[in-house]
Amino acid sequence: AQSVTQLDSQVPVFEEAPVELRCNYSSSVSVYLFWYVQYPNQGLQLLLKYLSGSTLVKGINGFEAEFNKSQTSFHLRKPSVHISDTAEYFCAVSDSNAGKSTFGDGTTLTVKP
Amino acid sequence: NAGVTQTPKFQVLKTGQSMTLQCAQDMNHEYMSWYRQDPGMGLRLIHYSVGAGITDQGEVPNGYNVSRSTTEDFPLRLLSAAPSQTSVYFCASSRGVNEQFFGPGTRLTVL
């Protein structure tokens with residue numbers, strides 16, 4: 001069985017400050033990891049993914065994440081946030097096909113001016 | 001490409017009524033999934049399909065049925081709606097281990 005824990009339910013931050021959204025996972029086999037973003041009243045869209053290869057993954061809108069197998073983590077970072085980054089962020093893990101992903105409870109990122 | 005489409009966008013039901021939420025994708029993805037999203041609980045998998053004619057239960061399947069007669073369509077049926085099924089429902093499709101593409105969601109209220 002697999003599970004995902006997003007360690008912060010809400011993260012307030014000022015504009016242009018750096019941010020880290022934390023995600024830990026558990027899985028008994030190889031994993032595929034994803035971060036999705038959800039803007040109000042919309043569906044989820046992919047920010048970035050780790051399938052294999054380099055453990056530092058770059059995504060859209062200046063976000064990046066690092067896969068750490070020993071710590072079973074996949075934290076999301078951005079060096080300088082914008083007001084438009086205000087949204088809900090979900091970490092997800094899959095051990096086979098992405099259609100059977102397990103999601104974390106989400107982190108609400110609020111960027112203040 | 002339209003991607004993943006869902007209808008209706010909003011629906012209000014009375015307890016005991018049945019209905020079908022429609023989902024279609026035009027990307028020829030083999031995998032399709034239904035999730036429900038409730039405040040503070042992330043997305044929970046209801047049912048998923050690995051191809052036409054093949055479906056399986058997810059984490060919260062009770063009260064829901066699915067079928068997959070074509071690659072494109074994956075409807076979700078509520079057999080007898082209950083207030084506990086008030087939620088936002090998302091359909092998604094994917095290919096292999098790659099990311100899922102989500103529809104815009106259906107907001108369902110059961111009175």
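The values are calculated or read from the model by the stated rules, or taken from the named source; none is laboratory data. This is a predicted model, so every value here is computed, not measured. Glycine also receives a Cβ, built like all others from the backbone with ideal geometry; neighbour counts cover every protein chain displayed. Ligands, DNA and RNA are excluded from the accessible area calculation, which covers all protein heavy atoms including side chains. Shrake-Rupley method; radii C 1.70, N 1.55, O 1.52, S 1.80 Å.
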**Item:** Residue, nearest to residue A:36 (Cα to Cα), within the stretch A:77-99, restricted to residues that are assigned to a strand (DSSP E or B) and aliphatic (A, V, I, L, M)
**Value:** A:92
**Request:** Tell me which residues, restricted to the stretch B:1-18, are open to solvent by 30 Å² or more (accessible area, probe 1.4 Å) and modelled with pLDDT of 95 or more.
**Result:** B:5, B:7, B:8, B:9, B:10, B:11, B:12, B:14, B:15, B:16, B:17, B:18
**Request:** Would you check which residues across the stretch A:58-76 are open to solvent by 80 Å² or more (accessible area, probe 1.4 Å) and either assigned to a helix (DSSP H, G or I) or in contact (Cβ under 8 Å) with a residue 40 or more places away in the chain (or both) and list them?
**Result:** A:61, A:71
**Item:** Residue check, residue B:22 more than 10 Å from chain A (Cβ to nearest Cβ) and either exposed (fewer than 14 other Cβ atoms within 10 Å of the Cβ) or closer than 14 Å to residue B:103 by Cβ (or both)
**Value:** yes
**Asked** Which residues, taken from the stretch A:11-55, are under 18 Å from residue B:43 (Cβ atoms) and open to solvent by 70 Å² or more (accessible area, probe 1.4 Å)?
**Response** A:40, A:41, A:42, A:45
**Fill in**
Taking the stretch B:30-56 and the residues there that are open to solvent by 10 Å² or more (accessible area, probe 1.4 Å) and assigned to a loop (DSSP other than H, G, I, E, B), the one that is farthest from residue A:37 (Cα to Cα) would be B:53
